[in-house]
Amino acid sequence: MIRVLGIGPSESHFMTKRVFDKIKNSDIIIGGKRNIDMVLGEMDISGKDIYFISKDLDHMKSYIDDNIDKDICILASGDPLVYGIGSYILRNFERESLDLEPGISSIQYAFSRFGLDMNDLYITSCHGRDLDMEFLLVHDKVAMVTDRKYGPIELARDLYNMQGNYMMYIGNRLGYKDEVLIEASPQLVKNIDVEFDLAVVILMRKAGKI
């Protein structure tokens, strides 16, 4: 069985007991170094095989195929099906062989921290893709997972140049002790002196003109 487990946005206290138990009972743990280090801090995983995820996902697939008769846990930051590893696993393995366990996504966490509802939300990501700003501006409420190449400042500049009338809610390092929450207009954010690291941005359209 291939178990794709959402472990939450940051620290181990976001992991559910179901996820904890499935990791504990597994034969193989697959994940990024940060996620595996987090598990190491919570339980004894000696005797289990560990596979560190790299950019070569085809190699990971081959490794899973070679060990398909074992109980395999794949650790996914946040929720595995919100711009996570779960989409790749669903494309490459039979659904009957999968056990998908949801987790709290960074987007969900950001909405809770800012006290905003997620109704009628458009979710997108700029990872490895060109952002369609015209399509984005059609929506009144947007959540975006950003990266180091295109982060909140770059988005704010584009919004300002295209006269996008939004309030920006930015969550950086969500769930960690150095978490940063910012609520500001694109005009202010585009000149802000902050180094963002995989931030989540929520856009809420404001009433009236800019």
Worksheet item: Can you name the number of the only condition in (1) in contact with a Leu (Cβ under 9 Å, 6 or more places away or on another chain); (2) of a type in the set (A, V, I, L, M, F, W, C); (3) at pLDDT 95 or above; (4) farther than 26 Å from Asp79 by Cβ that Met162 fails?
Response: (3)
Worksheet entry | Lone qualifier among Leu174, Leu100, Leu188, Leu181 - being loosely packed, with under 15 Cβ neighbours inside 10 Å and touching a residue at least 60 places away in the same chain (Cβ under 8 Å) | Leu181
Fill in: All positions within the range 4-25 that are in contact with a Lys or Arg (Cβ under 8 Å, 6 or more places away or on another chain) and either of a type in the set (Lys, Arg) or surrounded by 21 or more Cβ atoms within 10 Å (Cβ to Cβ) (or both)
Leu5, Lys22
Worksheet item: Which one is surrounded by the fewest Cβ atoms within 10 Å (Cβ to Cβ) among residues in the range 140-157 that are more than 16 Å from Met204 (Cβ to Cβ) and in contact (Cβ under 8 Å) with a residue 40 or more places away in the chain?
Response: Arg148
Worksheet entry | Per-region count, the range 135-157, residues modelled with pLDDT of 95 or more, in a helix (DSSP H, G or I) and within 20 Å of Leu121 (Cβ to Cβ) | 3
Worksheet entry | Tally of residues being over 19 Å from Asp197 (Cβ atoms) and in a helix (DSSP H, G or I) across the range 109-134 | 4
Worksheet entry | Every pair of residues 6+ apart whose Cβ atoms lie under 7 Å, when the first sits in the range 115-132 and is over 15 Å from Val200 (Cα atoms) while the second is part of a loop (DSSP other than H, G, I, E, B) and of a type in the set (S, T, N, Q) | none
Worksheet item: When only residues in the range 158-171 that are without any contact (Cβ under 8 Å) to a residue 40 or more places away in the chain and in a helix (DSSP H, G or I) count, which is nearest to Lys206 (Cα to Cα)?
Response: Tyr160
Worksheet item: Would a scan of the range 183-190 turn up a residue that is within 19 Å of the chain's Cα centre (by Cα) and not aliphatic (A, V, I, L, M)?
Response: no
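I need the strands (runs of 3 or more DSSP E) fully contained in the range 28-82, keeping only those with at least 3 residues that are surrounded by 18 or more Cβ atoms within 10 Å (Cβ to Cβ) and touching a residue at least 60 places away in the same chain (Cβ under 8 Å). Please lay out each step first, then the result.
Details: elements: 28-31, 49-52, 72-76.
Per the criteria, 72-76.
Among the residues of the range 1-27 satisfying the criterion of being β-branched (Val, Ile, Thr) and in a helix (DSSP H, G or I), which is farthest from the chain's Cα centre (by Cα)?
Taking the range 1-27 first, the residues β-branched (Val, Ile, Thr) are 2, 4, 7, 16, 19, 23.
Narrowing further to those that are in a helix (DSSP H, G or I): 19, 23.
Working: Val19: 17, Ile23: 20 Å.
Going through the qualifying residues, I end up with Ile23.
Does the range 156-210 hold any residues that are β-branched (Val, Ile, Thr) and in contact with a strand residue (DSSP E or B) (Cβ under 6 Å, 6 or more places away or on another chain), and which are they? Step through it out loud before you land on a result.
Filtering the range 156-210 for residues β-branched (Val, Ile, Thr) gives 170, 180, 182, 189, 192, 194, 200-202, 210.
Result: Ile170, Val180, Ile182, Val189, Val200, Val201, Ile202.
The values are calculated or read from the model by the stated rules, or taken from the named source; none is laboratory data. Bear in mind the structure is a predicted one, so any value in this text is a computation, not a measurement. Quick reminder, even Gly has a Cβ in these numbers, built from the backbone with ideal geometry, and neighbours come from all protein chains shown.
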